[in-house]
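Student: My questions all concern the structure below.
The values are calculated or read from the model by the stated rules, or taken from the named source; none is laboratory data. Fair warning: this is a prediction, and the values are worked out from it, not measured in the lab. A quick note on method: Cβ atoms are made from the backbone with ideal geometry, for glycine too, and the neighbour counts reach across all protein chains shown.
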Amino acid sequence: MTMQPFKARVKNGRLVLDEPTDLPEGKEIDLVPLDDVLAAGGDDLDAEERAALHAELEASVVEAKAGNLIDADVVLAELRASR
């Protein structure tokens, strides 16, 4: 299941959500104001995790420039086969 964004409006102090979903009945979700997420850096990574992410992204750019690429269809097929 892919994560889907939801939009809600505040009406009379309540969150009103009118979006179709395939979530199961009774499923609870956490709603966080987008401004709060963006103010916190856009994710929940700590400084060490963020540094590791940036290092991996930089390494990926170097590999791509060198032509060391793997087709996305191959990667997805391998991931599906490993389930």
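Student: Mind telling me which of the residues LEU53, LEU45 ends up being under 30 Å from ARG80 (Cα atoms), assigned to a helix (DSSP H, G or I) and under 15 Å from the mean Cα position of the chain (by Cα)?
Tutor: On the way: LEU45 fails: assigned to a helix (DSSP H, G or I).
After ruling out the rest, the residue left standing is LEU53.
Student: Could you tell me how many of the residues in the range 1-27 are closer than 30 Å to ARG80 by Cβ, among the charged types (D, E, K, R) and at pLDDT 90 or above?
Tutor: Taking the range 1-27 as the starting set, the residues that turn out to be closer than 30 Å to ARG80 by Cβ are 1-6, 19-27.
With the extra rule that they be among the charged types (D, E, K, R), the set shrinks to 19, 22, 25, 27.
If we keep only those that are at pLDDT 90 or above as well, we get 25.
Result for the range 1-27: 1.
Student: For the range 34-73, how many residues meet the condition of being within 30 Å of ARG9 (Cβ to Cβ) and of a type in the set (Asp, Glu)? Spell out how you get there, then give the answer.
Tutor: As a first pass, look at the range 34-73 and keep what is within 30 Å of ARG9 (Cβ to Cβ): 34-45.
Right, trim to of a type in the set (Asp, Glu) and you get 35-36, 43-44.
The qualifying residues number 4.
Student: So for the range 18-38 (the condition being more than 17 Å from the chain's Cα centre (by Cα) and basic (Lys, Arg)), does at least one residue qualify?
Tutor: For the range 18-38, residues more than 17 Å from the chain's Cα centre (by Cα) and basic (Lys, Arg): present.
Student: Would a scan of the range 23-34 turn up a residue that is assigned to a helix (DSSP H, G or I) and free of Cβ contacts under 8 Å to residues at least 60 places away in the same chain?
Tutor: Step one: list which residues in the range 23-34 are assigned to a helix (DSSP H, G or I), which gives 34.
Then drop every residue that is not free of Cβ contacts under 8 Å to residues at least 60 places away in the same chain, which leaves 34.
Looking for residues that are assigned to a helix (DSSP H, G or I) and free of Cβ contacts under 8 Å to residues at least 60 places away in the same chain, one finds at least one in the range 23-34, hence yes.
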